[in-house]
1. Does at least one position in segment 107-114 carry a residue that is in contact with a Phe, Trp or Tyr (Cβ under 8 Å, 6 or more places away or on another chain), assigned to a strand (DSSP E or B) and among the hydrophobic types (A, V, I, L, M, F, W, C)?
2. Can VAL123 be described as modelled with pLDDT of 90 or more, under 15 Å from the mean Cα position of the chain (by Cα) and either surrounded by fewer than 14 Cβ atoms within 10 Å (Cβ to Cβ) or of a type outside the set (Asp, Glu) (or both)?
3. Can you report the number of residues in segment 29-60 which are at negative phi and open to solvent by 50 Å² or more (accessible area, probe 1.4 Å)?
4. Consider only pairs whose beta carbons are under 7 Å apart and that are at least six residues apart or on different chains; among these, list those whose first residue lies in segment 3-23 and is in contact (Cβ under 8 Å) with a residue 60 or more places away in the chain and whose second residue is assigned to a strand (DSSP E or B) and crowded, with 17+ Cβ neighbours inside 10 Å.
5. For segment 1-38, enumerate the residues that are among the charged types (D, E, K, R) and under 17 Å from ILE55 (Cα atoms).
6. Identify, from the list GLY64, GLY128, GLY105, GLY116, the residue that is of a type outside the set (A, V, I, L, M, F, W, C), on the phi > 0 side of the Ramachandran plot and touching a residue at least 40 places away in the same chain (Cβ under 8 Å).
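The values are calculated or read from the model by the stated rules, or taken from the named source; none is laboratory data. This is a predicted model, so every value here is computed, not measured. Here the Cβ is made from the backbone with ideal geometry for all residues, glycine too, and neighbour counts use every protein chain on show. When the accessible area is computed, the model is the full protein with side chains, heavy atoms only, and any ligands, DNA or RNA have been set aside. Shrake-Rupley method; radii C 1.70, N 1.55, O 1.52, S 1.80 Å.
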Amino acid sequence: MPDTTYRLAKHIVAKIVGLSLALVGVLMVVLTLVAAFARFRPQVLVLVGLLGLVIVIGVAAYAGRGLTLVRFDDVGYRVRTRRGSGVRSARWADVKDAVTAEVDGVPCVVIRLRDGRSTTIPVELLDGDRNEFVHDLRSRLHAR
């Protein structure tokens, strides 16, 4: 079976980019107030604004194509960029089963391991079809 990568959902990426843009905006307001009282040159504000814009564009580019949430391969799975998910990686041989569950009102897939540990993946964070993700996971579990 080919390796499969599931990325972070676009609406989550948009939130990350929006947050970085808001932070740059707050920084610009604070710096403008400081500049008004400290008599900075206006060029400093322009330079910081351009630097902030470059940072936001960089965050957008990185988040838009680089944030992988889950990766399946022939050996096992790996969960990245997700705190509180439990076990970050395991071999398929160590997986007992996978179930769907609702954790704190959020639909999730829980991969349970034979030793009692588990990995929780909120499916709303995944870009793409949730059912396709579950089907891919179950296919890999049946193929082991």
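1. Filtering segment 107-114 down to residues in contact with a Phe, Trp or Tyr (Cβ under 8 Å, 6 or more places away or on another chain) leaves 109, 111.
Now drop any that are not assigned to a strand (DSSP E or B), which leaves 109, 111.
Subset that is among the hydrophobic types (A, V, I, L, M, F, W, C): 109, 111.
Yes: segment 107-114 contains one or more residues that are in contact with a Phe, Trp or Tyr (Cβ under 8 Å, 6 or more places away or on another chain), assigned to a strand (DSSP E or B) and among the hydrophobic types (A, V, I, L, M, F, W, C).
2. yes
3. Filtering segment 29-60 for residues at negative phi gives 29-38, 40-60.
Still in the list and also open to solvent by 50 Å² or more (accessible area, probe 1.4 Å): 29-30, 32-34, 36-38, 40-44, 46-47, 50-51, 53-55, 57.
Residues flagged as at negative phi and open to solvent by 50 Å² or more (accessible area, probe 1.4 Å) within segment 29-60 amount to 21.
4. Cβ pairs passing all conditions: ASP3/PHE72; THR4/PHE72; TYR6/LEU69; TYR6/VAL70; TYR6/LEU126; ARG7/LEU69; LEU8/LEU69; ALA9/LEU126.
5. Taking segment 1-38 and keeping what is among the charged types (D, E, K, R), we get 3, 7, 10, 15.
Scanning segment 1-38 gives a single hit, LYS15.
6. Values: GLY64 fails: on the phi > 0 side of the Ramachandran plot; GLY105 fails: touching a residue at least 40 places away in the same chain (Cβ under 8 Å); GLY116 fails: touching a residue at least 40 places away in the same chain (Cβ under 8 Å).
Within the list GLY64, GLY128, GLY105, GLY116, the selection yields GLY128.
For (1) in contact with a helix residue (DSSP H, G or I) (Cβ under 9 Å, 6 or more places away or on another chain); (2) at pLDDT 85 or above, each residue gets a yes or a no:
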residue	(1), (2)
ALA35	yes, yes
PRO42	yes, no
VAL46	no, yes
LEU50	no, yes
ALA60	yes, yes
THR68	no, yes
ASP74	yes, yes
